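First up is the structure itself, then whatever we jot down about it.
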Amino acid sequence: MIDPKEGAERLRRWALEEGFDRAGIASLEPSDQGAHLRRWLARGDHAGMEWIARRLEIREDPARLLLGSRSALCVALQYYPLVGEDEPEGDLWPRVARYARGRDYHDVMGKRLKKLAARIGEAFPGCGTRPYVDTGPILERELAARAGLGAQGKNTQLLHPEVGSWFLLGELLLTLDLTPSEPVADLCGRCTRCLDACPTGALAEPYRLDSNRCISYWTIEHRGALPEAAREMLGDWVFGCDVCQEVCPWNQPTRPGGRREEGPTPGDHEELRLPPERAELDLVGLLALDREEYLERFRASPMKRAKLEGLQRNAAVAMGNRGEERYVPVLERARNNADPVVSEHAAWALEAKENS
C-alpha cells in the first residue's frame, strides 16, 4: 500500500523532474462548477464551440474518464516570461497570444506526461493512468485549483502569487489514493482591471467569459467569414489575445501589497520560444504565404489550429483596422486569392482603409 501523503510528494517531485514548473494533487470529486457551466451554455456564451456542450456528465465528474480513478496529478508549464527571451518586434508577433509563439503545447506537455505515466506505472504496478492536455472533457482550471496550482481569476484564468497566469495546464488521472494539495486563496479581491481593460467587453462580469465577444474565439475557433462586428472587434490581433493577462497585477513587476519584485520568475523552456522561421514573419508576409510555405513555417505550431485561411483572414482584418497605406499592394493581390474567405476580407480591409 502506498502512503497517500508520501506518494503525493513523490509524484509531485517526479513531475518537476520531467520538466514541469509546478505540480499538485487533486481529488477526483464531482465538479463544484457544474451549475455555472450549464448557465454559461444556456446563455450561449460558448458561441460556435458546440463541442463544449457535449459529454457534460463527464465534465462534471472527471472520475468517469478512467475506471477506478481516485486522484489527478495536475501540472503547469510556464510559457512566459522565458529566460533570456526578448519581445519580438514587427507587425505580427506583438499581436499573437504569447502561448502560441513556440511549439504546440499539446505535444510538449503530452510527451512529458506520457513519460511521467510510464514512470508511475513502473513504480506502482497496476496503477491506471490517463493524461490530458486541453484535449478531453475536463474542467481543467477547477481541477488545477484543487491541486493548489492557482486560484481562478475574474478573467477566468488561473492565477498564482509567484508566477501570475502565464502557464499551461495538464492532468494525469490516476487510480491511486493520494493526499490533495492545499488550494490557493482568492487573489482578485476587489480588483477589476481585466474586466475594465477587455477591448470588446467579453468579460461581461467577474468569472464569466462571453465567447461571442472574445478575440481569441474569433481569431482561432471560428471558421469562415467573420461577421462585420467581429472584424472591428479584432483590432490588429491575428491569433488570440493577451490583454486581460497583461493588465493583471499578478503579472506585473510591482505585486499586490506594494512589494517590488522582478515579476514572475522566468521559465526555461526552449520548445516554447519563438523560432526564427516565424519571428521574421510580419502581416504582409503572412498574407502572402502560399500553402507550402505555410506548412514549413507553421509545422508543430499551435497557430495551425486557425489554418492558413483563418490566419490570412485575420491578417487582412488587422491590416484593415490599421488602415495603413503600405498594406494596399498586398491586399490588392489578396483580393484575388483563390480562397473566397481571404478574398472577401482583403476587399473589406481595402474598403475600411478608404473609409478611415
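Please treat every number below as a calculation from the coordinates, not as lab data. All figures in this text were calculated on a predicted structure; none of them were measured in a lab. Cβ placement follows ideal geometry from the backbone for every residue including glycine, while neighbour counts extend to all protein chains displayed.
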Computed over the chain: longest principal axis from alpha-carbon atoms vs helix 307-322 long axis, angle to nearest 10 degrees, is 60
Check: C-alpha center the range 1-47 vs C-alpha center the range 303-353, spacing in Å is 41
Looking at the range 4-174 from every direction and averaging, what is the projected area of its Cα convex hull in nm²?
11.4
Tilt of helix 4-17 relative to the longest C-alpha principal axis of the chain, in degrees (0 to 90, nearest 10)?
40
Value of relative contact order over the chain, rounded to a whole percent, pairs C-alpha under 8 Å and six or more apart
20
Near the amide H of L158, under 5 Å away, which other amide H atoms are found, from residues 5 or more places off or on another chain, if H is placed in the peptide plane?
G153
Given Cβ point charges of +1 (Lys, Arg) and -1 (Asp, Glu) and nothing else, what value in debye, to the nearest 20, does the dipole of the range 294-356 about its Cα centre take?
400
I need the GluC sites (Glu not before Pro) found in the range 33-100, filtered to DSSP loop residues with at most 14 other beta carbons within 10 Å of theirs.
E89
Debye, to nearest 20: dipole size of the range 4-174, +1 on Lys, Arg Cβ, -1 on Asp, Glu Cβ
520
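Give me Rg/Rg_expected for the range 5-45, where Rg uses Cα atoms only and Rg_expected = 2.2 N^0.38 Å with N residues.
1.82
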Which residues qualify? For A204, with a placed amide H closer than 5 Å and at least 5 residues away or on another chain, they are D210
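Of all the C-alpha pairs in the range 71-153, what % are more than 22 Å from each other?
So the pairs more than 22 Å apart make up 41 percent of the total in the range 71-153.
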With Rg from the Cα atoms and Rh as the Kirkwood inverse mean 1/r over Cα pairs, the range 275-356 has an Rg/Rh of 0.97
Scan around R70 for amide H atoms under 5 Å from its own, H built in the peptide plane at 1.01 Å from N, and keep only partners 5 or more places away or cross-chain.
L174, T175, L176
How much net charge surrounds V83 when only the other residues with a Cβ under 10 Å from the Cβ of V83 are counted, with Lys and Arg +1 and Asp and Glu -1?
-2
For the chain, which cysteines have no second Cys with its Cβ under 4.7 Å from theirs?
C74, C127, C188, C191, C198, C214, C241, C248
Angle between the chain longest axis and helix 105-123 axis [Cα atoms, degrees, rounded to 10]:
10
The chain: D in µm²/s via Stokes-Einstein (Kirkwood Rh, Cα pairs, 25 °C, 0.890 mPa s)?
113
